[in-house]
Amino acid sequence: MNPLRDLLAAAPLAVCLASAQAEEQTFHFNIPVQPLPAALDALAAQTGIKPFYSDQVVSGKTGHAVSGNLTAAQALQQLLSGTGLSFKFNGDHAVAITQPDANSAATLAAVTVVAKANAELFDPNNANYNRAFASASTKTDTPLMDTPMTVQVVPRQVLSDQQAIRLEDAVKNVSGVQPVWTSGGQGQDFVIRGFGTNYSRFRNGQRISNFNADLANIEQVEVLKGPAAMLFGRVQPGGMVNVVTKKPLSEAHYSLQQQFGSYDLYRTVAEATGPLNDDKSLAYRLDFGYTDRNSFRDFVSQTQVFVAPSLHWQASDATEFNLSLEYMDRNLPYDTGIPAVGTRVANVPINTNYGQPGGQFNQDPSDSTLLDFNWSHAFNDHWTFKNGFVANWTTQHYRELLVAVFQPLLATDSNPQVVRRGSQFEDRTEESYNAFFNLNGKFATGPVNHNVLVGGDYFYDEVRQSGFFGFNAVNAPANSPYHFPADFGGGNFAFTRVNLYNPVYANLDYNAYEFQRINHPNDFSINQTSWYGLYFQDHLAFFDGKLQILGGGRYDWAHQATGASTSYQNSADQNDNYNGYIPSFGNVNLAAQSEGFFSPRVGILYRPWNWLSLYGNRVEGFGTNNGRSESGQPLKPETAEQYEAGLKGEWFKGDLTANLAYFHIDKQNVATLVREGISETIGAARSQGIEMDVAGQLGGGFSLIASYAFTDARITQDGALSGNIGHRLPNVAEHSGSTWLKYAFQHQALSGLQLGIGAYLAGKREGDNANSYQLPGYVRVDTSVGYSLHLGASKLTTQLNVYNIFDKRYFVAGEPYNANRAWNMPGDPLTVIGSMKLEF
């Protein structure tokens, strides 16, 4: 045995281990744009890692801004971005900065760090409440402190601490966002800055039609405020919600969570991720969620199965490929809530459901499959190309008796306090396709640094719906086999009714409705939407990054075709499955419309100190179509313009961030209902207000996420219905806010124990454009307690959350685009959810 030989042999291994330790340790950075030598000195001061370089290598170069919690390798990658330099750790306290040979493989070393950094951004152990970056802001790696617009992020840790199950459970933490009860609860939609998002749903920055996120594989939720058309195409002017999915990791991680709670809630969530080969270039991920729950609402239950496998292949230091699949199978009844009477929602128990009891009537099964493929290639340290394709296929089956517009059935009714119900026995299919590319480059022209993005996308969506729709039956010709008397009487089952305050449900024949759907269908509709978009963006940094200007624009070529028919074709084959009738999409005449629109965006940001950014922006937006006019032609698309000014700050070495903004949005071509079923684009609306968001760590074990919004959203033009001018937009609270505070005990004897408490409030909201009834304001209080225990390399977390602990009665209005008095959904009463989670 030779100790000296063994020591010399172990020395290289010790250096490698020390280097790996330096690369893995996380530090908090707050380094502004400045000359590279000064930036490297700042990195050394914040990490204790000494950079070595020659003056000739760094002379005249500028370091990129670095902020947030990162490893030293991640920070160096950002710091040296655009300089053409690379780095190599030589120990735990030393790193060499060099100018690589352009013909050597060393030029790609930094790219390897990029892939590693991207994976580590999804670290399952990251417990911070704030994030330094959001993919929805600029589609580049620009930190939020350098982004001249409002973007809020709700990270995974907040979702876990609050035991969020639905997407609305996440966005309740963001200012100016109100949930919407959509299509009987079938979808996810929100009001942002006074305007509904109109089912514009985004996943990893890509629009997905009829997409409902299961939080089992969601890493964070991002809310971009204001018109986002410049990068994302046709979206509503209030903003957009983007979910970011978890990514495969190069280190193995597994977890299994079982949740259980009020109203027979059982939810199982499992995840597994790790490498598939020795060099860890190929990694996998599998997320699974199963939900089985009843509800405080009568006749309502839900089952949902969600599976999401994904693969990541780092084909080389410069090239990566990503493939993911999501499948969801769910059964969720179509629940339209409680009608309004007078100026308030009817004073009935919140469990009251005016749908039809029984398993057959109360089942709306649906399934969806999503395929996502994307890849990227870095040509060098300055230029990166990305390309991807997303497809989604959805099938839904409606078997419901839903609440119609609340009114007496007949003027002669002896008891006008009845609820009219219409039948919906229809099938709906939807398919959407989205392809995109972008090229991101970083370079300098003299003292000005550029971060340029050039890209384009294509989107196509088609919806087909057919079956028996009771609302159409009364308008059928007298000689039609599906004609019903105008008074809805005489045993007609197209429309039924129940008493508002004491509902008694008739014994209805489910097969009769199915027979009508198959043999005498009366509703066929097709809606096709497509567009091409090209965009350009340049983020310029002056005076070492103290002054920044973001400018860009997008042009869309959009096409819309829509049509409907209430007729079917007689079949020559009397032995076919339809007994002589076949559904008639062939009778649908499509009315088409094409539009072109340019959406500019410009923002300016001044960062006088590292902890403060002052910003402003002007943005125009190109919204969605509004349906069809009386002539059958598609309505003009909505347009919008926003002005915004605000400030951003970060304290406690960046652990706590805040955003304060004033905004003013004008929206034109708003669809206005001129009479029953007929709309015209003769409306306009305005929304303005102030928003504030705070998120992060307060020190001493305290974490906080809080928000406040003052929103004044009103109708400014309403065509023939001039009586609505000046009315508030529906489902928009003038004052709203939220706060969630968590304390993790710091004393060693209580280590692992944490407590949380939060309050969520909204002022009075109008229920419809006529402001004919109001939803009362409310304050809801939630609380939680959790305990984590380390069992060797594993971690066991038990948790209990109590929502609405004072059992406050409150309501959420229906979608603002079809606001009527019939649909108002009670908020959850006092509810408890427990959880046990094992990570290893």
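Computed from the coordinates by the stated procedures, all read-outs in this text should not be read as laboratory data. From a predicted model like this one, the values you see are computed outputs, not experimental measurements. All Cβ positions, even for glycine, are placed from backbone atoms using ideal geometry, and neighbour counts span all protein chains on display.
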Taking +1 at the Cβ of each Lys and Arg and -1 at the Cβ of each Asp and Glu, which of Ser295, Asn277, Gln258 sits farthest along the dipole of segment 258-367 towards its positive end, judged by Cα position relative to the Cα centre?
Ser295
Per residue, what volume in Å³ does the Cα convex hull of segment 241-839 take up?
196
Given Cβ charges of +1 for Lys and Arg and -1 for Asp and Glu, the option among Ser788, Gly767, Ser738 whose Cα lies farthest towards the positive end of the dipole of segment 734-812 is Ser788
Using θ = phi - 60° and the Karplus form 6.51 cos²θ - 1.76 cosθ + 1.60, what ³J(HN,Hα) does each residue of segment 786-800 get, whole Hz, x for Gly and Pro?
x, 9, 10, 10, 8, 10, x, 7, 9, 9, 10, 10, 10, 8, 9
Applying 1/(1 + (r/R0)^6) with R0 = 25 Å to the Cβ-Cβ distance of Thr783 and Arg166, what FRET efficiency is obtained, to the nearest 0.05?
0.85
Can you pull the three principal axis extents for the Cα set of segment 245-316, in Å, largest first?
56, 17, 13
Once amide H atoms are built 1.01 Å from N in the peptide plane, which residues 5 or more positions from Val66, or in another chain, come under 5 Å H to H?
Ile31
If the chain between Leu371 and Ala38 were fully extended at 0.36 nm per residue, the gain over the current Cα-Cα distance would be 115.3 nm
Estimated dipole of segment 241-839 in Debye, rounded to 20 [Cβ of Lys and Arg +1, of Asp and Glu -1, Cα centre]
1460
Mean shadow area (nm²) of the C-alpha convex hull around segment 198-334 is 10.4
Say R0 is 30 Å: what FRET efficiency, to the nearest 0.05, do Ile690 and Ser772 get from their beta-carbon distance?
0.60
Amide H to amide H under 5 Å from Lys50: which residues, 5+ apart in sequence or cross-chain, H placed 1.01 Å off N in plane?
Ala94, Val95
